[in-house]
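Trainee: Encoded as structure tokens, here's the structure I'll be asking about.
The values are calculated or read from the model by the stated rules, or taken from the named source; none is laboratory data. This is a predicted model, so every value here is computed, not measured. In this analysis, Cβ positions are derived from the backbone assuming ideal geometry, glycine residues included, and neighbour counts consider all displayed protein chains.
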Amino acid sequence: MKKNDWLLAAGITGLALMILAFQILTGKTDHAQVVVSIDGNPYGTYDLNTDQTVNINESNQIRIQDRTVRMIEADCPDQICVSRGLVRKSGQGRGEYHLSPEQSGDCNRSR
């Protein structure tokens, strides 16, 4: 490799490290929260820094663990919201799935 090749590789590596550092530093806040909504109406706000299991309307549960959120129990027959997996980033779960009390707690996919 020539000198310019080494400089280019070092520049690309440095840029990649700066982008990674920016994402790590801006992706985590001390006051990170999750907002749970049922049919578009706020149900509760929970701290992502505290590992906990939250009961929602007696037959649904979410688990907050390691700054992620997961639906662990739902009363809907298709279990889409349970099989969806972890929500790790802001906005990842927004508008995707919701609980609709008019439909006996069915999990529905928003379109």
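Trainee: Among (1) loosely packed, with under 10 Cβ neighbours inside 10 Å; (2) part of a strand (DSSP E or B), which single condition is Ser37 missing?
Mentor: Going through the list (1) loosely packed, with under 10 Cβ neighbours inside 10 Å; (2) part of a strand (DSSP E or B), Ser37 breaks only (1).
Trainee: Please tell me if Arg94 is modelled with pLDDT of 85 or more, at negative phi and among the basic types (Lys, Arg). Walk me through it before giving the result.
Mentor: On the way: modelled with pLDDT of 85 or more: no; at negative phi: yes; among the basic types (Lys, Arg): yes.
Criteria not met by Arg94.
Trainee: Filter the range 1-30 down to residues that are β-branched (Val, Ile, Thr) and modelled with pLDDT under 80 and give me whichever is nearest to Asp66 (Cα to Cα). Quick ask: steps written out before the conclusion?
Mentor: Initial filter on the range 1-30 (β-branched (Val, Ile, Thr)): 12-13, 19, 24, 26, 29.
Subset that is modelled with pLDDT under 80: 24, 26, 29.
Values: Ile24: 15, Thr26: 17, Thr29: 13 Å.
Per the stated criteria, the residue is Thr29.
Trainee: Here is a follow-up. Look through Arg111, Arg88, Arg63 and report the one residue that is among the basic types (Lys, Arg), at pLDDT 85 or above and out of contact with any Phe, Trp or Tyr (no Cβ under 7 Å at 6 or more places or on another chain).
Mentor: Values: Arg111 fails: at pLDDT 85 or above; Arg88 fails: at pLDDT 85 or above.
Result of the check over Arg111, Arg88, Arg63: Arg63.
Trainee: Please go through the range 47-60 and give me each residue that is assigned to a strand (DSSP E or B) and surrounded by 16 or more Cβ atoms within 10 Å (Cβ to Cβ), ordered by number.
Mentor: Within the range 47-60, Val54, Ile56, Asn60 meet the criteria.
Trainee: While we're looking at this one, here's another question. Which residues, counting only those in the range 61-92, are part of a strand (DSSP E or B) and farther than 20 Å from Gln23 by Cα?
Mentor: Result: Gln61, Ile62, Arg63, Ile64, Gln65, Arg70, Met71, Ile72, Glu73.
Trainee: Let me ask you something else. Can you tell me which residue is nearest to Leu86 (Cα to Cα) among those in the range 13-63 that are charged (D, E, K, R) and under 15 Å from the mean Cα position of the chain (by Cα)?
Mentor: Of all residues in the range 13-63, those charged (D, E, K, R) come to 28, 30, 39, 47, 51, 58, 63.
Checking the rest, the ones that are also under 15 Å from the mean Cα position of the chain (by Cα) come to 28, 47, 51, 63.
Values: Lys28: 16, Asp47: 16, Asp51: 14, Arg63: 9 Å.
Only one residue fits best here, namely Arg63.
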